[in-house]
1. Given the condition in a strand (DSSP E or B) and at pLDDT below 95, answer yes or no: does some residue in the range 197-205 qualify?
2. How about the range 1-15: which of its residues are assigned to a strand (DSSP E or B) and surrounded by fewer than 19 Cβ atoms within 10 Å (Cβ to Cβ)?
3. Looking at (1) part of a loop (DSSP other than H, G, I, E, B); (2) farther than 27 Å from Gly300 by Cα; (3) not polar (S, T, N, Q), which one does Ile193 not meet, given that it meets all the others?
4. What single numbered condition from (1) more than 22 Å from Ile331 (Cβ to Cβ); (2) within 22 Å of the chain's Cα centre (by Cα); (3) without any contact (Cβ under 8 Å) to a residue 24 or more places away in the chain fails to hold for Glu166?
5. Go through the residues of the range 258-272 one by one and say whether even a single one is among the charged types (D, E, K, R), touching a helix residue (DSSP H, G or I) at 6+ places or on another chain (Cβ under 8 Å) and in contact (Cβ under 8 Å) with a residue 60 or more places away in the chain.
6. For the range 169-187, does any single residue satisfy the condition of being out of contact with any Pro (no Cβ under 8 Å at 6 or more places or on another chain), in a loop (DSSP other than H, G, I, E, B), modelled with pLDDT of 95 or more and not aromatic (Phe, Trp, Tyr)?
7. Which residue out of Ala94, Ala86 is in a helix (DSSP H, G or I) and either touching a residue at least 40 places away in the same chain (Cβ under 8 Å) or basic (Lys, Arg) (or both)?
Amino acid sequence: MKFLITGEKGFIGRNLVLTAKKHGHKVLELCDQSNKIGDLECRVPSKTGHTVSMWEREPCVHRNPHEVWAKVIQENNVDVVIHNAAVVGTDVVALNPGEATLTNVAGTYNIVKACELAGVPISYMGTTVVYDTPQYQETYINEQSVVKPTTFYGQLKHTGDLIVNESKARSNIIRPLFAYGGEGDMNSLIAKICFGAFTGRDDLDMFLDPKKYKDYLHVNDFCDAVIMASELGLWGEDFIVAAEDPRVTGEIVEAVDKVLHEDYNDSHQNNGTQMIEWYPETDYLGNHRLSSKSFRAATGWAPSISLEEGIKMVAKSIKEASRSLEYNPFIHLDDAKQRGIDLTKFY
């Protein structure tokens, strides 16, 4: 199969590219100058200050009309489009509401319409923050749970869901909660603690309740699930993909601290317990436990990386990346502080 993956330079995107190739498939990498991408306009560089060339930038999903995207899909004989490009995270969306709306809604509309025109299926990367989580504090969330997103991020992603579900293109939606990993992971507390430890940070605002359960899934396992769903042709479906190994958030921090202490004792000054300032009142998800029963039954999929193994992989990756100026998962938190923005108001 040949995939086109939007947002291919982002954290999830780059891992989807690697996973598709690992499964023996081809990927039309739009940032590769040798590929035929026509007149696609690229997005602006990120705010990290890293200067990149035109061909290292990703084509923008909302600046390019669906007719142009359809032409690229058809001319390059793409079999499946994985629509991954999105502005992700409650705090990041709050800091960039205009761009988030354009990317997550208008961009999704363009890609969906392009797939309709080109006659190819689309796999949409959804999220489980769209569910009415207060109803499910004592039980697991599944695909039939009530949808009621409370944050602007969740509302934008739910709008994307509606666009996908109402389209004429064959489609599926794959939903993780926290797909964590190493370099490139801008959101998870695991990545932020490791980066903070290796760079000498002594402050990390965490908009979570340390006493609530969360279900973290390693990005490699998530990407395997996404590619598998396309391989099996599971169109017209909506799947939650989770590790089904929920842990109390404070215990996850302790597990990260244990790895940092045992494997990198001389390489950092502060661990997560010392670094984090919790804002439990902002944790609108509360206990967020997920069921992957439907996806497991349809595919036989199961996660292969335990939380402990995943933390070790993250620490190793971020230890190497922490020397680079290109990766900084604190950038949005620091930006908010510099602009005097109280992020607690957006949760």
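The values are calculated or read from the model by the stated rules, or taken from the named source; none is laboratory data. All figures in this text were calculated on a predicted structure; none of them were measured in a lab. Neighbour counts are summed over all protein chains in view; Cβ atoms, including those assigned to glycine, are modelled from backbone coordinates with ideal geometry.
1. Here is the first cut: in the range 197-205, the residues in a strand (DSSP E or B) are 204-205.
Within this subset, residues satisfying the condition of being at pLDDT below 95 are 204-205.
Yes; the residues of the range 197-205 include at least one that is in a strand (DSSP E or B) and at pLDDT below 95.
2. Matches in the range 1-15: Lys2 only.
3. (1)
4. (2)
5. If we filter the range 258-272 for residues that are among the charged types (D, E, K, R), which is where we start, we get 258, 262-263, 266.
Restricting the remaining residues to those that are touching a helix residue (DSSP H, G or I) at 6+ places or on another chain (Cβ under 8 Å) gives 263.
Going one step further and asking which of them are in contact (Cβ under 8 Å) with a residue 60 or more places away in the chain, we end up with none.
Looking through the range 258-272, none of the residues is among the charged types (D, E, K, R), touching a helix residue (DSSP H, G or I) at 6+ places or on another chain (Cβ under 8 Å) and in contact (Cβ under 8 Å) with a residue 60 or more places away in the chain.
6. yes
7. On the way: Ala86 fails: in a helix (DSSP H, G or I).
Criteria check complete, one pass: Ala94.
Table: residues versus (1) outside any loop (DSSP other than H, G, I, E, B); (2) at pLDDT 95 or above; (3) farther than 18 Å from Val120 by Cα.
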| residue | (1), (2), (3) |
| --- | --- |
| Gly38 | no, no, yes |
| Lys47 | no, no, yes |
| Glu67 | yes, yes, no |
| Val78 | no, yes, no |
| Val81 | yes, yes, no |
